[in-house]
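The values are calculated or read from the model by the stated rules, or taken from the named source; none is laboratory data. Keep in mind that this is a model prediction, so the values were computed, not measured. Here the Cβ is made from the backbone with ideal geometry for all residues, glycine too, and neighbour counts use every protein chain on show.
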Amino acid sequence: MISQNDLAFRRLGRLLLVVCLALLAGLLFVTLSALHTVHSTGILDVSTSEPNAAITITQMGHGAAVMGTGSARVRLAPGDYLLAANGAGLSASQTVHVNLQKTTSVKLSLAKSSSGLPSVESVGFVNTDLLLNNGLTTTQVAAVKTQFFTFDKAAKVVSIDSSSIEPGPHNPDSYEPFTLNFNASVDGQAYKGTIAYLGYDNAQLRLYDAQTGQAIYSGPQLSID
Amino acid sequence: MHKTPIVLTIVAIVLLTAIVSAPSIIYGSAKPAHISTAPALTGQISQALAASSNGQLTMPTYGKDYRLENTKYFDDNTWVVTTIKPLNNNMNRNVVVLEKQAGVFTVVLGPGSAFPRTTELSMPGNLGEYLDSQGLFYDLAE
């Protein structure tokens, strides 16, 4: 005869067996899910120049997610992503492509935040202020800077050789533009330049190949008020 | 005779531990990142609005912290301008310009309430005209 105690232990044993089978099924599911994730993703390994930089990531049609601080290593579905890092007033962003079952390593070097759109203000002009000493007004120098930028919107540094600035010939009896000739470089590439100007507002920049003298750029025509 | 429940309890504990630790073991140091679906452009804009202080990041969420309005595409859908409308007092109403670079829209201007007129030279003419018509350009002092 089975005692009540034995019966209770048997029931408990059955219950625990069901629990164990459920947990085994759960373990199988979790393991298979993780293995599927491993086989259907790639690894993105990000490091930054700022240990406190917060790293975020996004993709077309998705929100943004925080990856980590300073550095991060995550699994992502293959595709293009936009990475960004912010910290200590510095920022950086970069598009990356994650490949299936491969590790993509990215180093983000943070710099002072600035507009991603180049403008005249993002160009470093060297010796352009010397043009003021040679007859141009601030309005005309600003126009020259704008035309340098229009010539090369990716330019980082525009430098005028201070010793090369000299006025061109001018006939005092005719209403023709004054000119200034000079040598300049745009990101290290040498050019010969001429600025033609009339009155106080107009200035036209012309750039020529330093070797061949071939005309490369001509700013807007001077307008006579 | 009463050993079976004890053995099964130990097995259950082992299985439970295995369930919790198995993903970490399989993933190693790289955990899966989940990026929820959201309307176009909102991820990049959330990133642009993100602010970090002492390693702590605050990143606004679309639908909770802001919405987008007056979204207009330019130059064969390669440029877009949109207005960020705050849904709480933590943000200002701002305009942001994005350009498609390497297949991904990237914030190139803003968020801001106005931009230097000189940036107009770096964008499609019709976009510059639109921003100008909205009074979003200012002239820098010479």
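Of all residues assigned to the stretch A:207-216, at least one qualifies as being of a type outside the set (Lys, Arg) and touching a helix residue (DSSP H, G or I) at 6+ places or on another chain (Cβ under 9 Å). Scan the stretch A:137-174 for residues that are in contact (Cβ under 8 Å) with a residue 12 or more places away in the chain, within 13 Å of A:Leu198 (Cα to Cα) and surrounded by fewer than 18 Cβ atoms within 10 Å (Cβ to Cβ) and the total you get is 2. Checked against (1) outside any loop (DSSP other than H, G, I, E, B); (2) facing another protein chain (nearest Cβ under 9 Å); (3) closer than 24 Å to B:Asn92 by Cα, B:Ile25 meets all criteria but (3). For the stretch B:91-113, the criterion of being within 10 Å of another protein chain (Cβ to nearest Cβ), part of a loop (DSSP other than H, G, I, E, B) and farther than 23 Å from A:Ala53 by Cβ is met by at least one residue. Sort through A:Ala54, A:Ala88 and tell me the only one that's surrounded by 22 or more Cβ atoms within 10 Å (Cβ to Cβ) and either among the small types (Gly, Ala, Ser) or more than 24 Å from B:Val108 (Cα to Cα) (or both). Testing whether each residue is surrounded by 22 or more Cβ atoms within 10 Å (Cβ to Cβ) and either among the small types (Gly, Ala, Ser) or more than 24 Å from B:Val108 (Cα to Cα) (or both) leaves just A:Ala54. Regarding the stretch B:114-129, can at least one residue be identified that is hydroxyl-bearing (Ser, Thr, Tyr), within 30 Å of A:Asp201 (Cα to Cα) and part of a strand (DSSP E or B)? Within the stretch B:114-129, none of the residues are hydroxyl-bearing (Ser, Thr, Tyr), within 30 Å of A:Asp201 (Cα to Cα) and part of a strand (DSSP E or B).
Taking every residue in the stretch A:22-39 that is in a helix (DSSP H, G or I) and pairing it with any residue that is of a type in the set (D, E, K, R) and modelled with pLDDT under 95, at least 6 positions away or on another chain, the pairs with Cβ-Cβ distances below 8 Å are A:Thr37/A:Arg75; A:Val38/A:Arg75.
So, of the residues in the stretch A:70-85 that are more than 8 Å from chain B (Cβ to nearest Cβ) and within 18 Å of B:Thr58 (Cα to Cα), which turns out to be surrounded by the fewest Cβ atoms within 10 Å (Cβ to Cβ)? Checking each candidate, the answer is A:Ser71.
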